[in-house]
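Asker: Structure below; questions to follow.
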Amino acid sequence: MSEVMDKGLLSSSTMDVSHILEDLNQAQREAVTAAAGHILVLAGAGSGKTRVLVHRIAWLCQVEDISPFSVFAVTFTNKAAAEMRSRVEKLQGVPVSGMWVGTFHGMAHRLLRTHWKEARLPQTFQILDSDDQYRMIRRILKGLALDEAQWPPKQAQAFINARKDEGQRPKHVDTAHNPTYQQLVRIYTAYEAACDKAGAVDFAELLFRTLELIRDNDALRDHYQKRFKHILVDEFQDTNAIQYALIRLLAGSNNKVFIVGDDDQAIYGWRGAKVENIQLFQKDFHPAELVRLEQNYRSTTTILSAANALIDNNADRMGKKLWTSGEDGEPILFYNAFNHYDEARFVLDHINQWIDDGNPRADIAILYRSNVQSRVFEEKFVSEAIPYRVYGGMRYFERAEIKDALAYMRLIDNRNDMSSFERVVNTPTRGIGDRTVEKIRETAREQDLSMWQAAQHLIEENALTARAANALSVFMQLIDSMNVDTKDLELFEQIEHVIHESGLIDHFGKEKSEKAQARVENLEELVTAGRGFDFDSSELEDMDNPRSAGSRRRPGRRLGRLRTDDDAAQCKRPRISAGICGWFRGRPVPKSAFAGGRGQTRRRTPALLCGHHPCATKTGIHLRRTQDALRPGYLPISVTFH
């Protein structure tokens, strides 16, 4: 604290600030005690950035005598906001209920509830979640007489949200005489009208409407600019265009902005985040003091050296070099895996060895760049009865598109599989409505038939409308046809045939959203999974009602076991964690494995073993040396702390 005293900011006789500064290092203290002005804290992984932001709030309130109600502090997730509020309350010693500390969406919601009339909203306006928004768009497409096969609702939904994130109403979208854009703008216009009529706003609208509220109302803008003298933003590299514009509006020309971010951890560009906002900050809020937090508290020198060496290849970085006063740690071992099965075997062998040595399973995490890469590891976990939990996404075999594909496989194998029939009879949409399905269900129940048999009966008895009967017949013919076509194929060939002929690939491929493309990748990975299954008679004899030994049939049932066998996963024993890299940001783990997968080629894939067993298989060694390519490799290295 002597440095602070030397600055003349306070004297020991006037105030004791030891509780604010005693746990901070030199750079952290510099950021916390900086003179009033715009401040950019460039904070590396594990450098205590949230602590700095929280202690800055305490410094402003207790030393600078700033009212806590003139502070506007935002972050991105509810969990991070709750942690921030808890820390502020503990450090301040007073409740934070009246303070403006929360997420961007939470703050926007609070402002709109307060000023609903000025925002042109009903007082009881409703918030649409993603599913609500999707259903509304489907109704709009129907009202506009647009075929969902040609205009997928998910594509329209992604288009609308992307335009809102960029601050564009329908009239602002440049269609460039593009018929597709013109139609999407037409859908966007109808969607806005429907939301206004229903008194509803979606998540993107919360921010957009708040921006318009402050921007277009001079009195309100003046009020909040006078109120929020200090604006603090965590994870600034994740801000999008709307959020950055809102910060600039609230700051005005007199208020002070304190941001904490790391351009090296900017991995959400695919959902609208703009890492360039950090560079823009120094221009738009000139002059801004720059403070670098480079001391890392979770990783060894070896791990930090690897992270620094990797991310140094990125151009246009603001630049920092992580270091630690801790131990050097164990050397990093690179392992060249032959393929993703060899990769999973290598990782699991080291995990088992590490556990056998008496180390806790709960300290282990497997990280990967894409959710599709979890599949091989999940197979290994299940086959070896290793408890695990997937974070930041669903288990591979629990994903809707995988369940759909497996249901087709099971129905081809067994027409009397009721649950499979019901799941795929109208997936993708083929004109078989809920009433038709309910009638099939009732007939099956009343006459003790399977749903397949009930459907045949209703068609033969002309008990359905001509349209429903025709759609149902086409579906049943499709199943029969796929059964014949796949009879003599290898398992992976059966899967590949089914996901294409059923229409699943085309269904998701027509949508241009990130989620739809991920579903296509998941289905394609199921084909790869089929290549890895080697059926023998002993395995087949363990199945329900198997066919003859050596048969290649029953693929749906065999693959389905991976989906339904949750005993290991649901037990309360400590579990291994697995998830995409972004989920583990800010959640350090002692032993982590980074799996990069096989990439676009079939070449041997390098793997990185960090610490005792953590492994990082990384196509990223071959990746294009671009910013977006290298950051996902930097992140998993930087969250390992042994």
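The values are calculated or read from the model by the stated rules, or taken from the named source; none is laboratory data. No experiment lies behind these values; they were computed from the predicted model shown. All Cβ positions, glycine included, derive from the backbone under ideal geometry; neighbour counts span all protein chains shown. Surface areas here come from the heavy atoms of the whole protein model, side chains and all, with no ligands, DNA or RNA. Shrake-Rupley method; radii C 1.70, N 1.55, O 1.52, S 1.80 Å.
Asker: Can you say whether ALA549 is over 20 Å from GLU401 (Cα atoms) and modelled with pLDDT of 90 or more, as far as the supplied structure shows?
Answerer: Spelling it out, it is not the case that ALA549 is over 20 Å from GLU401 (Cα atoms) and modelled with pLDDT of 90 or more.
Conditions (1) open to solvent by 20 Å² or more (accessible area, probe 1.4 Å); (2) touching a residue at least 40 places away in the same chain (Cβ under 8 Å); (3) within 23 Å of THR528 (Cα to Cα), marked per residue:
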residue	(1), (2), (3)
GLY431	yes, yes, no
GLU438	yes, no, no
MET451	no, no, no
HIS457	yes, no, no
GLU461	yes, no, no
LEU464	yes, no, no
ARG467	yes, no, no
GLU501	yes, no, yes
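Asker: Provide a single number: the residues in the stretch 310-340 that are open to solvent by 60 Å² or more (accessible area, probe 1.4 Å) and outside any loop (DSSP other than H, G, I, E, B).
Answerer: Residues flagged as open to solvent by 60 Å² or more (accessible area, probe 1.4 Å) and outside any loop (DSSP other than H, G, I, E, B) within the stretch 310-340 amount to 4.
Asker: Which numbered condition in (1) open to solvent by less than 30 Å² (accessible area, probe 1.4 Å); (2) at negative phi; (3) modelled with pLDDT under 95 is the only one that GLY46 fails?
Answerer: Exception for GLY46: condition (2).
Asker: Being open to solvent by less than 30 Å² (accessible area, probe 1.4 Å) and in contact with a Leu (Cβ under 8 Å, 6 or more places away or on another chain) is the filter; apply it to the stretch 18-32 and report the residue that is modelled with the lowest pLDDT.
Answerer: ILE20
Asker: Quick one: how many residues across the stretch 384-400 are closer than 20 Å to VAL527 by Cβ, surrounded by fewer than 19 Cβ atoms within 10 Å (Cβ to Cβ) and at pLDDT 75 or above?
Answerer: Looking only at that region, the number is 2.
Asker: State which residue pairs qualify: first residue aromatic (Phe, Trp, Tyr) and inside the stretch 154-175, second residue at pLDDT 95 or above and part of a loop (DSSP other than H, G, I, E, B) in any location, beta carbons under 9 Å apart, and separation of 6 or more residues or different chains.
Answerer: Note: no pairs meet the criteria.
Asker: Given the criteria touching a Lys or Arg at 6+ places or on another chain (Cβ under 9 Å) and either hydrophobic (A, V, I, L, M, F, W, C) or more than 30 Å from TYR368 (Cα to Cα) (or both), does ALA251 qualify?
Answerer: No: the conditions fail for ALA251.
Asker: Take the residues in the stretch 292-303 that are in a helix (DSSP H, G or I) and polar (S, T, N, Q); name whichever of them is farthest from TYR368 (Cα to Cα).
Answerer: Among those that are in a helix (DSSP H, G or I) and polar (S, T, N, Q), it is THR301.
Asker: Does any residue in the stretch 5-30 that is under 17 Å from SER325 (Cβ atoms) and among the polar types (S, T, N, Q) come within less than 8 Å, Cβ to Cβ, of a residue that is open to solvent by 40 Å² or more (accessible area, probe 1.4 Å) and modelled with pLDDT of 90 or more six or more places away or on a different chain, and which pairs are these?
Answerer: Listed pairs, sorted by first residue: GLN28/ARG51.
Asker: If we scan the stretch 319-342, do we find a residue that is within 22 Å of VAL41 (Cα to Cα) and acidic (Asp, Glu)?
Answerer: No; the residues of the stretch 319-342 include none that is within 22 Å of VAL41 (Cα to Cα) and acidic (Asp, Glu).
Asker: Still on this structure, please answer the following. I'd like the residue in the stretch 346-372 that is among the hydrophobic types (A, V, I, L, M, F, W, C) and farther than 30 Å from ALA516 by Cα and, out of all such residues, is most open to solvent (accessible area, probe 1.4 Å).
Answerer: The selected residue is ALA362.
Asker: Okay, next question. Just give me the residues in the stretch 201-228 being under 23 Å from PHE76 (Cβ atoms) and of a type in the set (D, E, K, R), in sequence order.
Answerer: Hits for the stretch 201-228 are ASP202, GLU205, ARG209, GLU212, ARG215, ARG227.
Asker: Which one of these is among the aromatic types (Phe, Trp, Tyr) and under 30 Å from ASP65 (Cα atoms): PHE203, PHE228?
Answerer: Only one candidate qualifies: PHE228.
Quick grid of which residues meet (1) more than 36 Å from the chain's Cα centre (by Cα); (2) closer than 17 Å to LEU504 by Cα; (3) in a helix (DSSP H, G or I):
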position	(1), (2), (3)
ARG375	no, no, yes
SER420	no, yes, yes
THR427	no, yes, no
ARG430	no, yes, no
GLU438	no, no, yes
ARG445	yes, no, yes
ALA455	yes, no, yes
ASN462	yes, no, no
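Asker: A further question follows. State all residues of the stretch 92-123 that are among the β-branched types (Val, Ile, Thr) and within 30 Å of the chain's Cα centre (by Cα); if no residue qualifies, say none.
Answerer: The answer is VAL96, VAL101, THR103.
Asker: Right, here's the next one. Got a sec? Which of ALA108, ALA149, ALA119 is in contact (Cβ under 8 Å) with a residue 60 or more places away in the chain, open to solvent by less than 20 Å² (accessible area, probe 1.4 Å), closer than 30 Å to LYS515 by Cβ and outside any helix (DSSP H, G or I)?
Answerer: Sole residue among the options that is in contact (Cβ under 8 Å) with a residue 60 or more places away in the chain, open to solvent by less than 20 Å² (accessible area, probe 1.4 Å), closer than 30 Å to LYS515 by Cβ and outside any helix (DSSP H, G or I): ALA119.
Asker: Which one of these does LYS380 not meet: (1) open to solvent by 40 Å² or more (accessible area, probe 1.4 Å); (2) under 25 Å from LYS515 (Cβ atoms); (3) in contact with a helix residue (DSSP H, G or I) (Cβ under 6 Å, 6 or more places away or on another chain)?
Answerer: It fails just one condition, (2).
Asker: What do you reckon, is ALA176 open to solvent by less than 40 Å² (accessible area, probe 1.4 Å) and either farther than 17 Å from GLN133 by Cβ or among the small types (Gly, Ala, Ser) (or both)?
Answerer: no
Asker: With respect to ALA306, determine if the residue is over 30 Å from ARG399 (Cα atoms) and part of a helix (DSSP H, G or I).
Answerer: Yes; evaluated as a whole, the condition is true for this residue.
Asker: Let me ask something else. Please find, among PHE475, PHE492, the residue that is within 31 Å of the chain's Cα centre (by Cα) and either assigned to a helix (DSSP H, G or I) or touching a residue at least 40 places away in the same chain (Cβ under 8 Å) (or both).
Answerer: Sole residue among the options that is within 31 Å of the chain's Cα centre (by Cα) and either assigned to a helix (DSSP H, G or I) or touching a residue at least 40 places away in the same chain (Cβ under 8 Å) (or both): PHE492.
Asker: Another question, then. Report yes if some residue within the stretch 478-489 is within 37 Å of the chain's Cα centre (by Cα), under 30 Å from ARG345 (Cβ atoms) and part of a loop (DSSP other than H, G, I, E, B); otherwise report no.
Answerer: Scanning the stretch 478-489, I find at least one residue that is within 37 Å of the chain's Cα centre (by Cα), under 30 Å from ARG345 (Cβ atoms) and part of a loop (DSSP other than H, G, I, E, B), so the answer is yes.
Asker: Among (1) in a helix (DSSP H, G or I); (2) open to solvent by less than 50 Å² (accessible area, probe 1.4 Å), which single condition is ARG138 missing?
Answerer: (2)
Asker: I've got another one for you. Would it be correct to say that THR301 is buried (at least 19 other Cβ atoms within 10 Å of the Cβ), hydroxyl-bearing (Ser, Thr, Tyr), in contact with a Phe, Trp or Tyr (Cβ under 9 Å, 6 or more places away or on another chain) and farther than 25 Å from PHE377 by Cβ?
Answerer: Considered against the rule, which asks whether it is buried (at least 19 other Cβ atoms within 10 Å of the Cβ), hydroxyl-bearing (Ser, Thr, Tyr), in contact with a Phe, Trp or Tyr (Cβ under 9 Å, 6 or more places away or on another chain) and farther than 25 Å from PHE377 by Cβ, THR301 comes out as no.
Asker: Let me ask something else about it. For the stretch 126-143, enumerate the residues that are closer than 23 Å to ALA108 by Cα and either touching a strand residue (DSSP E or B) at 6+ places or on another chain (Cβ under 6 Å) or among the hydrophobic types (A, V, I, L, M, F, W, C) (or both).
Answerer: If the condition is that a residue be closer than 23 Å to ALA108 by Cα and either touching a strand residue (DSSP E or B) at 6+ places or on another chain (Cβ under 6 Å) or among the hydrophobic types (A, V, I, L, M, F, W, C) (or both), then GLN126, ILE127, LEU128, GLN133, MET136 are the ones that fit.
Asker: Consider the stretch 404-429. How many of its residues are surrounded by fewer than 18 Cβ atoms within 10 Å (Cβ to Cβ) and closer than 19 Å to HIS500 by Cα?
Answerer: Residues flagged as surrounded by fewer than 18 Cβ atoms within 10 Å (Cβ to Cβ) and closer than 19 Å to HIS500 by Cα within the stretch 404-429 amount to 3.
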